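We did not get these values from a lab; they are worked out from the coordinates using the rules stated. Since the structure is predicted, the reported quantities are computational estimates derived from the model, not experimental observations. Reconstructed Cβ throughout: ideal geometry from the backbone, glycine too, with neighbour counts over all protein chains shown.
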Amino acid sequence: MNNPFDVIEARLNNIETILLEIKHNPKHSSQIDSDQWFDLKELCEYLPDKPSKATIYSYVHNGSIPFKKGLKKLRFLKSEIDNWLKNEKKDYLSGPEISSESYLKIKKASHEKSKF
């Protein structure tokens, strides 16, 4: 039969090896950071343009920002927000190119239709 102390020592050595790998592997630690959750206030502080809570609510309402809702609170996953910042936010904020004259014509036409 194996000595139980030898088994314990072998397991501790395995744990130590794993911990040293985690310590010296920066990719693993950044993966842990990307799984961080933000509440609304933390997200406002994290985003580079420091938007207001109302701006974040408008992003949520428009469906342009990734979020989860649980227990009546909005939560945002850091990795999803980082991806959104790199890709989708640029497209959302830039929007379609339209001249002011075209915009006014569209608004005027929709306003005239609503009168009838």
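With R₀ fixed at 30 Å, the C-beta to C-beta distance from ARG11 to ASP35 puts the FRET efficiency at about 0.65. Gain on full extension, evaluated as 0.36 nm per residue between LYS23 and LYS69 minus their Cα-Cα distance, stands at 13.2 nm. Rounded to the nearest whole Hz, the Karplus-based 3J(HN,Hα) values (6.51 cos²θ - 1.76 cosθ + 1.60, θ = phi - 60°) of region 4-14 follow the sequence x, 5, 5, 5, 4, 5, 5, 5, 5, 5, 5, with x at glycine and proline.
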